[in-house]
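Asks: The structure follows.
The values are calculated or read from the model by the stated rules, or taken from the named source; none is laboratory data. All values reported here derive from a predicted model rather than from experimental measurement. Virtual Cβ from ideal backbone geometry, glycine too; neighbours counted across all protein chains shown.
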Amino acid sequence: MNLNVVKQSNLTQIKTIAVFPFEANRKASAEKITIALTENLNQTDFEVVPAAKLVQMLDAAGLTLAQVSQDHQPALKLLKGVDAFIVGDASVRVLGGYIDHVARCQARMIHAESGEVLLEIVYKTNSNSVAMQQVSTEAQIGKALAKKIGSL
C-alpha cells in the first residue's frame, strides 16, 4: 500500500490526539476508516481521545462532530488536553459490483491550538482498473494510516 507523506512537521510535542469522523462519498465507508484508524492508533504511543469523550468535549463547546468534520476551525483551542486532531476524506468505489475499494484517501493531523497542518498523508490507487488482489478496504486504509502516523 502506497501512503505518501506530503507534509510532515515535528510531532514530538504531540501526545494526545482526537480523530474526527472522516468524510467520504459512502457514509458507511467513512465510518469504517475512522473506526479502524482510531482503534489502530491505540496501538501507538499516542493517547487517543475516545469518541464518546470527544463528543462530550464538543458538546460542551456547543459544537457537533458533523460541524467540525466539515470545518475544523471552530474546534481550535476548545479541546482542552488535546494536542492535535486528525481529519480526513476518502473516495470509495465499488469493485466487481460488491467490494468497496478505497480509491483515494487523505488524512491531516492538525495542531489543536494553532490550526497548523502538522502531517498530511495521501493514498491513491495507480489506475482505475484495479485487480482484485490490489483492493484496499476501509479497514486496511485505517490500519495503514495509523501505522504510518505511529512510525513518524
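Asks: Starting from residues that are modelled with pLDDT under 90 and of a type in the set (A, V, I, L, M, F, W, C), keep the ones in segment 1-10 and report whichever is farthest from residue 87 (Cα to Cα).
Replies: 1
Asks: Kindly establish whether residue 55 is of a type outside the set (D, E, K, R), in contact (Cβ under 8 Å) with a residue 60 or more places away in the chain and out of contact with any Pro (no Cβ under 8 Å at 6 or more places or on another chain).
Replies: So residue 55 fails the test.
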